[in-house]
Amino acid sequence: MRLMKVCHITSVHRSEDVRIFHKECISLVKAGYEVYLVEQGESYEKNGVHIVGIGQPPAGRLKRMTLFAKQAYRAALTVDADIYHFHDPELLPWGVKLKKKGKRVIFDSHERYVEQLREKPYLPPWAAALAAMLYDSYERHALKQFDAAILPCTFEGKNPFQGRCTRTPIISNAAILGEFYDRYNPTALKKDRQICYVGGLTENRGITVGIKAAAKAGAHLTLAGEFSPPSYEERLRAMAEFSYVDYRGTLSRIEIADLLSESRIGLCALLDRGQYWKLDTFGIKVFEYMSMGLPVILHPSAYNQKMVEQYQFGLCADPENTDEFAAVIAFLLDCPDEARRMGENGRKAVREQFNWSVEEKKLLTLYEDILKI
């Protein structure tokens, strides 16, 4: 019996993206599918996934969204898959073309892009609003033609794709138990008053206030990730409080696990900008912190406050209030038994609820349903 062939496509995400490669593609390989992944870089095979490399993306945003996206589409066509599963909004027109060729097509929307467009810093407000309106209109048009549209969470209790596409499953970006969770060492040596943040380093992600709060609490904040824009790093380094920062750049997955092992608290307190306070989920970094037994400091969105109350794995702090943020950091550092209890609660929540094996079942059910067409 011929294996059903699946082709994932991304023109934006880096090689071996965690959600795309480590979660979805590998889950499909284990389920018996023949899996291809079109992405930037070179061609090779890993863990049963056939990587179709399309080189490095061009420097300009417009060229990446047009020429590089077209290049990804052409490479995907050569696979001649039964299902095409794409991950970037700029690939929507190419998804429509694939559908017209009789292919089964899934759009995996990692973000709510219409909300994201409204907050683009490089666009004036009127242009951002117009871009969001035009994108929303085209996305609605495209989704009507696709076989499924996936989101990682609801937004304030609602699925914005509901009614726009035939199948609209919510598939969370939850933790892989075999990765960070299994690396946890309860006897690992923690560095004195070290806290950490892993991920994109931008103003809206609360990095500025986080640095000031860490300094006020006498904590050492280790940052791992990429600054955006580069000028933001220059502004931060000019702050007196930056002397409390240990910046380690972009780390590998193993290096991130080592960082979490030596840290005492994980931060993810985002400013109330754009879509992030509307999300009914955590960022992947939060699942990773929880997996490694770290208490987590979160921004006080409705979802975060509900989950913190239910699972008791951390505390919320206002990322606009340096004094409040610093007080929460100091409390967790000065009360190690309470911090340890929260960390254990977080691991239990990951083991029972917030893990990829739960979400994997939703993905495989979706594929089985689409293949019945």
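The values are calculated or read from the model by the stated rules, or taken from the named source; none is laboratory data. Predicted, not measured: the structure shown is a model, and the values here were computed from it. Glycine also receives a Cβ, built like all others from the backbone with ideal geometry; neighbour counts cover every protein chain displayed. Side chains included, ligands, DNA and RNA excluded: accessible areas come from the protein's heavy atoms. Shrake-Rupley method; radii C 1.70, N 1.55, O 1.52, S 1.80 Å.
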Exercise for the section: Tally the residues that are open to solvent by 10 Å² or more (accessible area, probe 1.4 Å), touching a helix residue (DSSP H, G or I) at 6+ places or on another chain (Cβ under 8 Å) and under 26 Å from Tyr367 (Cα atoms), restricting the search to the range 60-72. Expected result: 1
Practice task
Could you check Ala75 against (1) open to solvent by 10 Å² or more (accessible area, probe 1.4 Å); (2) small (Gly, Ala, Ser); (3) part of a loop (DSSP other than H, G, I, E, B); (4) closer than 22 Å to Ala142 by Cβ and say which number it fails?
Solution key: (3)
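Within the range 85-112, take every residue that is part of a helix (DSSP H, G or I) and of a type outside the set (A, V, I, L, M) and give me the one that is surrounded by the fewest Cβ atoms within 10 Å (Cβ to Cβ).
Only one residue fits best here, namely Lys100.
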Problem - Leading residue by the ranking (nearest to Arg19 (Cα to Cα)) among those in the range 136-150 that are of a type in the set (A, V, I, L, M) and not in a helix (DSSP H, G or I) - result: Ile150
Practice task
For Arg347, state whether it is over 30 Å from Val209 (Cα atoms) and touching a helix residue (DSSP H, G or I) at 6+ places or on another chain (Cβ under 9 Å).
Solution key: no
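Quick check on this structure: which one of Glu320, Glu359, Glu338 is at pLDDT below 95, at negative phi and either buried (at least 16 other Cβ atoms within 10 Å of the Cβ) or in contact with a Leu (Cβ under 9 Å, 6 or more places away or on another chain) (or both)?
Glu320
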Fill in the blank from the handout: For Gly225, the lone unmet condition from (1) touching a Ser or Thr at 6+ places or on another chain (Cβ under 9 Å); (2) on the phi < 0 side of the Ramachandran plot is (2)
Handout entry: Top-ranked residue of the range 263-299 - restricted to ones that are open to solvent by less than 30 Å² (accessible area, probe 1.4 Å) and among the β-branched types (Val, Ile, Thr), ranked as nearest to Pro152 (Cα to Cα)
Key = Thr281
Completion exercise
Scanning the range 9-57 for residues that are among the acidic types (Asp, Glu) and not in a helix (DSSP H, G or I), the one most open to solvent (accessible area, probe 1.4 Å) turns out to be Glu42
Exercise for the section: Please indicate, with yes or no, whether at least one residue in the range 115-135 is under 21 Å from Ser228 (Cα atoms), assigned to a helix (DSSP H, G or I) and open to solvent by 60 Å² or more (accessible area, probe 1.4 Å). Expected result: yes
Fill in the blank from the handout: In the range 147-191, residues that are open to solvent by less than 20 Å² (accessible area, probe 1.4 Å), closer than 22 Å to His8 by Cβ and hydrophobic (A, V, I, L, M, F, W, C) total 10
Exercise for the section: Might you let me know whether the range 301-309 holds any residue that is open to solvent by 50 Å² or more (accessible area, probe 1.4 Å), out of contact with any helix residue (DSSP H, G or I) (no Cβ under 7 Å at 6 or more places or on another chain), small (Gly, Ala, Ser) and over 18 Å from Ile170 (Cβ atoms)? Expected result: no
Practice task
List every residue pair whose Cβ atoms lie under 6 Å apart, where the two residues are 6 or more positions apart in sequence or sit on different chains, the first residue falls within the range 172-199 and is in contact (Cβ under 8 Å) with a residue 60 or more places away in the chain and assigned to a helix (DSSP H, G or I), and the second residue, located anywhere, is of a type outside the set (Ser, Thr, Tyr) and surrounded by 18 or more Cβ atoms within 10 Å (Cβ to Cβ).
Solution key: Leu177/Asn355; Phe180/Ala257; Phe180/Glu288; Phe180/Met292; Tyr181/Val350; Arg183/Ala257
Problem - Val114 being under 25 Å from Asp147 (Cβ atoms) and modelled with pLDDT of 95 or more - result: no
Handout entry: Where a residue in the range 283-301 is over 12 Å from Lys348 (Cα atoms) and its partner, wherever it lies, is crowded, with 24+ Cβ neighbours inside 10 Å and hydroxyl-bearing (Ser, Thr, Tyr), with Cβ under 6 Å and at least six apart
Key = Val296/Tyr289
Exercise for the section: Kindly check whether there is at least one residue in the range 212-226 that is part of a loop (DSSP other than H, G, I, E, B) and surrounded by fewer than 20 Cβ atoms within 10 Å (Cβ to Cβ). Expected result: yes
